[in-house]
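Each remark here refers to the structure printed beneath this line.
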Amino acid sequence: MRNTDRLGLGRLAAFSSPVLLFQAIELSWRVYLPSYLTQGVGLSLATVGALLMAARLFDAIADPVLGWLSDHVRTSFGQRKPWMAAGAPLVSIGALCLFLAPSGTGLAAILAASMALHLGYSLIVTPHGGWGLELASDPHERTRIMGAKVWFGSVGSIVVLLIIALLERHFGFGKAALVATLGVIIALLAPFSVGLVLCLFKERARVPGGKATNPLHLFRTLLRDRSLVMVFALYVLTGIADASSMGTFLFLCENVLHLKGWGAVLMLTQPALALFTLPFWSSVSRRIGRENVLKAAYAWQALMMPLAFFLPNAGPNAGLVPLAGFLILRNLTWGVDYMLLRAMVADIADRDARSGTSRAGSYYGLTSITLKLAMGVGAAGALWLVAMAGFDPTAPASPTAELMIKFAYVVPTTLAGLIGLSILAFAKRSPAAASRIFRSAPVA
């Protein structure tokens, strides 16, 4: 590996800084907004579920198109930079309008703010993601960079959750005040993190001779690449599992286990553990290969998640420690799938770049929207299941509703782990050209 490939920790942190913004948006969107929009603004659970899906469908158009544009539209300012610069103010405006929406705000206003937030989010995340895929030519350094992005995302989650926990536990902030605080944090993070990347980094020089491939042809090419199809299938599983569990966690914590006010504190276990486990799993993948690490992660989540059915509904006196212990166990492999799947996509983008084809932005846009759509399905599906059981967040949950909340929290992630193992087993039996992307050769 060339020395110029390896980013120092300071530059790695600077380039990863927008991930703090992305994590704040996703954490708020998946965990706090569903609860706030139902209890604070007054929308029904079914309407909120439809809103989550509508935003992801909007992303389905924006992300691939923006990825393609950032690959092929060249300006004096760069290929990735103009889009990121345009996205920052949209994120700030959308976040303030959505997260500070007062009670009784109409659905049209909520939808408009959501679309502004998501358009700005796509304008930043897709070009930044494509840029990240191009930073290194060595596969292990690509794993390190993708691991760093997840790692710094965990740092962002910790900071946001600590702020929320402090305001919730010590200053008595209600849900509306907490969500408003998240909106302000996102509005400030957008211009700061984007500005840091634009000022400190230059884009990679393009290999001459590449041809612009229209988005439809790119999609057809994707479907013919078995390795990419398998990676995308794993992205779908990851998104559905993550969104369904995150979207129902507060209901599980507060309405089923009667641990009101402990949600932010308990959610800290996930990013806090990732600070230690992700470097470990990145190192292990160098030794035993990505495929084996992914297998371990999927097997662990399939094994651990059903334990949630046995958590006692006993409140803070007897229920806090069992839930904390469960969260520690289930999150020992959290983030491994995100890290390794992104590294695999970076390998494919590098393969194309060596042949003179610039597709990093397009690939990232397609993987991003695959993940976002899967998250929309996971979040909306979980909320619809809970709503079908007659659950009302403002009233005590019935035994049927409690069981359905646990079901929506546990089952999608368990099934995702089992299906992920099946896909990896199929990849091992597929031709070398399709399966080698799942493994980086162990280092002697």
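Laboratory data are not the source of any read-out in this text; all were calculated from the coordinates shown. Small disclaimer: the values here were computed from a predicted structure and weren't measured. Here Cβ is always computed from backbone atoms with ideal geometry, including for glycine, and neighbour counts include all displayed protein chains.
For the chain, the longest principal axis of the C-alpha atoms and the axis of helix 175-200 are separated by about 10°.
Its convex hull of Cα atoms gives the stretch 217-289 a direction-averaged projected area, equal to a quarter of the hull surface, of 7.4 nm². Rounded to the nearest 10 degrees, the inclination of helix 336-354 to the longest alpha-carbon principal axis of the chain is 20 degrees. Between S358 and K211, the built amide H atoms are under 5 Å apart, and every one of these is 5 or more places off in sequence or on another chain.
Directionally averaged projected area (the chain, Cα convex hull): 20.1 nm².
Compute the long axis of helix 107-133 from its Cα atoms, compare it with the longest principal axis of the Cα atoms of the chain, and write down the angle in degrees, 0 to 90, nearest 10. Roughly 40 degrees, rounded to the nearest 10. Calculated [222 nm] ellipticity per residue, helices only, for the chain: -25500 deg cm²/dmol; basis is -39500 (n - 2.57) per DSSP H run with n ≥ 4, divided by all residues, nearest 500. For S70, S398, the sequence from fewest to most other C-beta atoms within 10 Å is S398, S70. Please build a GNM for the chain, connecting alpha carbons under 10 Å apart, and tell me which residue among K202, K406, K295 fluctuates the most. Judging by the Gaussian network model, the answer is K202. Each principal axis of the Cα cloud of the stretch 1-136 was evaluated for its coordinate range; sorted largest first, these ranges are 56, 30, 22 Å. Legend: residue pairs K295/K406; K260/K406; K175/K372; K149/K202, Cα-Cα distance threshold 23 Å; pairs beyond threshold, K295/K406; K175/K372.
Sorting C253, C97, C199 by the number of Cβ atoms found within 10 Å of their own Cβ, with the fewest placed first, yields C199, C97, C253.
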